[in-house]
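Written out below as structure tokens is the structure these notes cover.
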Amino acid sequence: MNDDRRALPRIDAAPETVHWGYFDARLAPVLTIDSGERVVMSTVSGAPELLPPPPFEIPASLPAIHAANGPQRFFGHMCTGPVAIRGAKAGQTLRVDIEAIEPHYDWGHNVVRPLSGALPDDFAETRVTHIALDRQRGMWRLPWGQEVPFRPFFGVIAVAPPPAWGAIPTPPPRRNGGNIDNKELVAGSTLYLPIFNDGALFSVGDGHGAQGDGEVCVTAVETGLIGTFRLTVVDDMKLEWPRAETPTHVITMAFDPDLDTCVQIALRQMIDLLVERAGIDRYQAYSLVSLAGDLRVTQVVNGNKGIHLMLEKRYLERVHRA
């Protein structure tokens, strides 16, 4: 980590900073910052039965979190936070600039379980695979000899849900974000989340060292990551669903048990965005998305499935008619 980030406020995953398996608007913030400030947050992943044997090194915080939480009310993710942003109000938008992502430790795990994933009836036994990270080469070494590039992102990025929802489990992604599992949200990308509570209450978790679109067996390379985030409240953007940007693309998202419904929601969002930004009509926007947009399956294994639609940013430039 460079010297600039060493001076930033930091929250490390620990029993007092982690909420395991749920989101809740009643959670007290572990840190409060001003809009536009940066924060460093570390995460961990893995229930006790998923920890690797030696010579893998397990951070002391991970078994401490297990011991502090006891039996889980919900099956879900260890989330670090929440972080409150001063002045954030319900109805505004939180801009999350993901500035850097680094490994927290040098191993991850992947799990295949019966009755889960995209093929719930095809695998009769649970198999846990522990995977080593070669930091120097930026590669995951699979035990059977193949390698997968290290391409880290946080599967869970969220604000607190509406208060009326109460405590909700983390696995299904929702309008507040959560278990989005979008592999495009790497360092250098930006996520926009609708705010439902004063302070926004930002949390992060579910570090992924590599994942394919779909996340078909339910797990990626599940690992611990350290992220640097700039959190900014935005007044002039009203969102119903999370939205993202990479250096080259804008991304609309949707989550629902039905993939067809997800497709329709993501499409309508992109059409609305093109009408607003490019100044074209809905018919023209629909045609353009069919010609230049990429509709992708984010994941199919978290209850609410995910679709994301990617479009190059150049198509958002305002059209100057002759």
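The values are calculated or read from the model by the stated rules, or taken from the named source; none is laboratory data. Being a predicted model, the structure only gives us computed values, none of them experimental. Cβ placement follows ideal geometry from the backbone for every residue including glycine, while neighbour counts extend to all protein chains displayed. Note: areas computed on protein heavy atoms with side chains; ligands, DNA, RNA excluded. Shrake-Rupley method; radii C 1.70, N 1.55, O 1.52, S 1.80 Å.
Scanning the range 200-210 for residues that are assigned to a loop (DSSP other than H, G, I, E, B) and crowded, with 22+ Cβ neighbours inside 10 Å turns up 200, 201, 209.
So is residue 180 in contact with a His (Cβ under 9 Å, 6 or more places away or on another chain) and among the aliphatic types (A, V, I, L, M) or not? Talk me through it step by step, then tell me what you get.
Details: in contact with a His (Cβ under 9 Å, 6 or more places away or on another chain): yes; among the aliphatic types (A, V, I, L, M): yes.
Considered against the rule, which asks whether it is in contact with a His (Cβ under 9 Å, 6 or more places away or on another chain) and among the aliphatic types (A, V, I, L, M), residue 180 comes out as yes.
Within the range 54-99, the residues that satisfy the criterion of being farther than 15 Å from residue 11 by Cα, open to solvent by less than 10 Å² (accessible area, probe 1.4 Å) and under 16 Å from the mean Cα position of the chain (by Cα) are 94, 96, 98.
Within the range 211-251, the set of residues being assigned to a strand (DSSP E or B), within 26 Å of residue 93 (Cβ to Cβ) and of a type in the set (Val, Ile, Thr) comprises 226, 228, 232, 233, 234, 250, 251.
Could you tell me whether any residue of the range 275-290 is touching a Ser or Thr at 6+ places or on another chain (Cβ under 6 Å) and modelled with pLDDT of 95 or more? Lay out the reasoning, then the answer.
So in the range 275-290, the residues touching a Ser or Thr at 6+ places or on another chain (Cβ under 6 Å) come out as none.
Within the range 275-290, none of the residues are touching a Ser or Thr at 6+ places or on another chain (Cβ under 6 Å) and modelled with pLDDT of 95 or more.
Only residues that are open to solvent by 20 Å² or more (accessible area, probe 1.4 Å) and in a loop (DSSP other than H, G, I, E, B) were counted in the range 25-46, giving 9.
For the range 143-185, the set of residues classified as of a type in the set (D, E, K, R) and either touching a Pro at 6+ places or on another chain (Cβ under 8 Å) or crowded, with 24+ Cβ neighbours inside 10 Å (or both) consists of 174, 175, 181, listed by residue number.
The number of residues in the range 286-301 being assigned to a helix (DSSP H, G or I) and either open to solvent by less than 70 Å² (accessible area, probe 1.4 Å) or touching an Asp or Glu at 6+ places or on another chain (Cβ under 8 Å) (or both) comes to 4.
Among the conditions (1) surrounded by 17 or more Cβ atoms within 10 Å (Cβ to Cβ); (2) out of contact with any strand residue (DSSP E or B) (no Cβ under 9 Å at 6 or more places or on another chain); (3) not in a loop (DSSP other than H, G, I, E, B), the only one that residue 140 does not satisfy is (2).
Just name the residue that is surrounded by the most Cβ atoms within 10 Å (Cβ to Cβ) out of those in the range 110-137 that are among the β-branched types (Val, Ile, Thr) and in a strand (DSSP E or B).
Filtering the range 110-137 for residues among the β-branched types (Val, Ile, Thr) gives 111-112, 126, 128-129, 131.
Keeping just the survivors that are in a strand (DSSP E or B) gives 111-112, 128-129, 131.
Details: 111: 18, 112: 18, 128: 15, 129: 15, 131: 22.
Restricting to residues being among the β-branched types (Val, Ile, Thr) and in a strand (DSSP E or B), the top hit is 131.
Being without any contact (Cβ under 8 Å) to a residue 60 or more places away in the chain, over 27 Å from residue 227 (Cα atoms) and either touching a strand residue (DSSP E or B) at 6+ places or on another chain (Cβ under 7 Å) or among the hydroxyl-bearing types (Ser, Thr, Tyr) (or both), is that true of even one residue in the range 126-137? Looking through the range 126-137, at least one residue is without any contact (Cβ under 8 Å) to a residue 60 or more places away in the chain, over 27 Å from residue 227 (Cα atoms) and either touching a strand residue (DSSP E or B) at 6+ places or on another chain (Cβ under 7 Å) or among the hydroxyl-bearing types (Ser, Thr, Tyr) (or both).
Only one of 314, 321, 243 is at pLDDT 95 or above and open to solvent by 70 Å² or more (accessible area, probe 1.4 Å). Can you tell me which? Give the derivation first.
Values: 321 fails: at pLDDT 95 or above; 243 fails: open to solvent by 70 Å² or more (accessible area, probe 1.4 Å).
On inspection, the qualifying residue turns out to be 314.
Limited to the range 235-261, what total is found for residues that are free of Cβ contacts under 8 Å to residues at least 60 places away in the same chain and more than 17 Å from the chain's Cα centre (by Cα)? Even if it seems obvious, please write down each step before you answer.
Just the residues of the range 235-261 that are free of Cβ contacts under 8 Å to residues at least 60 places away in the same chain, to begin with: 236, 243, 247, 252, 254, 256-261.
From what's left, more than 17 Å from the chain's Cα centre (by Cα): 236, 247, 257-261.
Result for the range 235-261: 7.
Output the qualifying pairs, or none if there are none: Cβ atoms under 8 angstrom, residues six or more apart or on different chains, first residue in the range 100-121 and under 14 Å from residue 154 (Cβ atoms) and β-branched (Val, Ile, Thr), second residue modelled with pLDDT under 95 and part of a strand (DSSP E or B). Once the first residue is under 14 Å from residue 154 (Cβ atoms) and β-branched (Val, Ile, Thr) and sits in the range 100-121, no partner that is modelled with pLDDT under 95 and part of a strand (DSSP E or B) comes close enough.
Of everything in the range 1-24 that is of a type in the set (Val, Ile, Thr) and in a strand (DSSP E or B), the residue that is farthest from residue 127 (Cα to Cα) is 11.
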